[in-house]
Amino acid sequence: METLYSPLHGQVTLLMAEAGQTVGAGTCLVVVEAMKMEHEIVAPEGCVVQQVLVAPGDWVEEGGVLLHFTVSTSASAPKGEEPSAPRATEPSTPADQAKIRPDLQRVMDRHAFTLDAARPQAVDKRHAQGKLTARENIAQLCGNDFVEYGALAIAAQTQRRSVDDLVRATPADGMVVGVVSGRCFAGNAALLGCCDVVIATKDSNIGMGGPAMIEGGGLGVFAPEQIGPSPVQYANGVIDVLVADDAAALQAAHQYLAYFQGARPNWQAPETLALREVVPEKRARAYDTLKVVDALVDVGSVMPLRSGFGVGIHTLLARLEGRPVGVLVNNPLHLGGAIDADAADKAARFMQLCNAHGLPLISLVDTPGFMVGPDIEEQAQVRHVSRMFVAAAHLRVPLVSVVLRKAYGLGAMAMTGGGFHVPVATVAWPSAEFGAMGLEGAVRLGFKKELQAAASEAEREALFESLLAQQIEKGHALQMATTLEIDHVIDPAQTRSYLVNLLSATQVRPMAAGAMVDTW
């Protein structure tokens, strides 16, 4: 005689065994409930029940006796008794495994509503606007091999619409990949603002509240097209990349994501001799520093970010011999290259972005310093420009600085990570000059008395030019390299090879705990 014991303390809620019953292995004999959970106690192989000692409602202790049984090698009943119907559990068959339980069927039915095929009218409406659905965009970006999050989400409108209506009409609505095509309001805009990059089509509208929310707040009645149109959001820095249509948005997303997927084996070098002629010989002549970038990095590898905002500094992703890098470059065509609050914010966040993704930074310097004056201070210039120093202090990626022409004041320090000795190397072109402030201003202030003492205007001008020439020579790149204030003065045409060799000898340090990319 064998004994079946309770493995835990609980209450018998179901008894499925009777004396004389022969049951197969794994058949449930008793159900004991403990802590709101039902535990099945099953029969061993060849079990013949002899005596049941509990009933439904009984409490049993751990190790308490439930029933006695014998082990039989045959399924025959004891002599003189009719055999009881066996209650064995047969091994499951493929047909059993293919059976759809009600709970699974409910989920499958719900998933069916989320497919584009279940919403032909919504899809047709989207296509009529010349746009793709969210899933069509993702399929073109990633292929069909992707894992979807939040597929069952519906609009938060249960107080005025039935759940059935929302399930049928609103699944898969919203925004994808930081890519906006059309309207993006409220919660979707909040999610968008958390993205590393925002790519938007020209017909997009982005706002923290749509027309209904604005009207409900008593703020007026507006059409969707009046709220956060793309020209506004591009100029104020919300949109990083502005494109024509959905196809261009997907192409931009492909290009952006590729920078964070390692080096490319195939690349084309530019004609680097052009770098010798980019900076004008006349030191006060403005020029386009983007021409420096085009002649420095791999052909066709440049992707500007936030180019509608903070135009005093260009921020670009690019490649050097296939390796992805971030490029910061001053823009002498705006405020002479002086760094204002918007340009500083833009540069600081770009440093964070490259730092988070492990991209080395190349800083191309031509700045007279931070923008100054009563008007600029009204924009909290002190706080904004200081973000560049703080961001640079947390860099784990190598930084290399190349001084193209002007490197004056604290602005030049900010462009070089806090000082000329902070980068892996600070090199200069022959056109480069250095100073604590603009050299012309330094002469006028430092030699004010001497200039006022000049006998005539012509004599004063001649003295000024002579003093300025002395300051230019004193702050020339060659003089700075002679005293090891900078590391080298190089032929502009050799800049690309210099950077490639330098970066190949550097490493990216591990990411610090808590590091982040600011939303702004």
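A few remarks follow.
- Three-way shape label, the stretch 240-378, alpha-carbon gyration tensor, a/c 1.5: oblate
- Both radii were evaluated on the Cα set of the chain; the Rg over Rh quotient, with Rh as the Kirkwood radius, amounts to 1.25.
- Per DSSP, loop GluC sites (Glu not before Pro) in the stretch 321-410 with at most 11 further Cβ within 10 Å: GLU378
- Inter-label distance, GLU465 to GLN507: 5.6 nm, where each label sits 7 Å from its Cα along the C-beta direction.
- Positive-end extreme of charge dipole, the chain - chosen from GLY409, THR315, ALA341 (charges on Cβ): GLY409
- Under a 5 Å amide H cut-off, with hydrogens placed 1.01 Å from N, ARG119 pairs with nothing among residues at least 5 apart or on other chains.
- FRET efficiency for ASP164 and HIS68, using Cβ-Cβ distance with R0 set to 41 Å, rounded to 0.05: 0.15
- Summed side-chain charge close to VAL71 - residues other than VAL71 whose Cβ falls under 10 Å, Lys, Arg +1, Asp, Glu -1: -2
- For the stretch 161-288, the Cβ-based charge dipole about the Cα centre amounts to some 380 debye (Lys, Arg positive; Asp, Glu negative; other atoms uncharged).
- Protein-only accessible surface order, largest first, of MET351, MET208, MET1 at 1.4 Å: MET1, MET208, MET351
- Every Cα-Cα pair in the stretch 163-270 was counted, and those over 16 Å apart are 64% of them.
- For the chain, a simple Cβ point-charge model (Lys and Arg +1, Asp and Glu -1, everything else neutral) yields a dipole of about 1220 debye relative to the Cα centre.
- Surface composition of the chain: carbon plus sulfur atoms contribute 56% of the solvent-accessible area (1.4 Å probe, protein chains only, all chains present).
- In terms of its C-alpha gyration tensor, the stretch 377-492 has an oblate overall shape, because the principal axis ratio a/c (a ≥ b ≥ c, square roots of the eigenvalues) is not below 1.5 and a/b does not outweigh b/c.
- Charge-dipole axis of the stretch 144-216 as Lys and Arg at +1 and Asp and Glu at -1 on Cβ define it, positive-most pick from ILE199, GLN157, THR170: GLN157
- For the set TYR234, TYR408, TYR149, the ranking by accessible area, highest first and with no ligand, DNA or RNA atoms included, is TYR149, TYR234, TYR408 under a 1.4 Å probe.
- Charge-dipole axis of the chain as Lys and Arg at +1 and Asp and Glu at -1 on Cβ define it, positive-most pick from VAL293, THR133, ILE100: VAL293
- Built amide H within the under 5 Å cut-off of LEU364, gap 5+: LEU328, VAL329, ASN330, VAL402
- Loop-located trypsin sites (Lys or Arg not before Pro) in the stretch 115-175 (DSSP state other than H, G, I, E, B) with a sparse environment of at most 14 neighbouring Cβ atoms within 10 Å: ARG160, ARG161.
- The overall shape of the stretch 1-63, judged from the alpha-carbon gyration tensor, is prolate: a/c is not under 1.5, and a/b is greater than b/c.
- Cα-centred dipole magnitude for the stretch 453-505, charges only on beta-carbon of K, R (+1) and D, E (-1), debye, nearest 20: 280
- The local environment of GLU377, defined by Cβ-Cβ distances under 13 Å, has a net charge of -2 under the rule Lys, Arg +1 and Asp, Glu -1.
- Based on protein heavy atoms only, the chain ends up with 53 Å² per residue of surface accessible to a 1.4 Å probe.
- Packing, taken as the mean count of other beta carbons within 10 Å per residue, orders the peptides 441-454, 100-113 from highest to lowest as 441-454, 100-113.
- Two-site FRET efficiency, LYS36 against ALA139, from Cβ-Cβ distance with R₀ of 45 Å, rounded to 0.05: 0.50
The values are calculated or read from the model by the stated rules, or taken from the named source; none is laboratory data. This structure is a prediction, so every number in the text was calculated from the model and none was measured. So basically every Cβ, Gly included, is an ideal-geometry build from the backbone, and we count neighbours across all protein chains shown. Accessible surface is based on the protein model in full, side chains and every heavy atom, while ligands, DNA and RNA are left aside. Shrake-Rupley method; radii C 1.70, N 1.55, O 1.52, S 1.80 Å.
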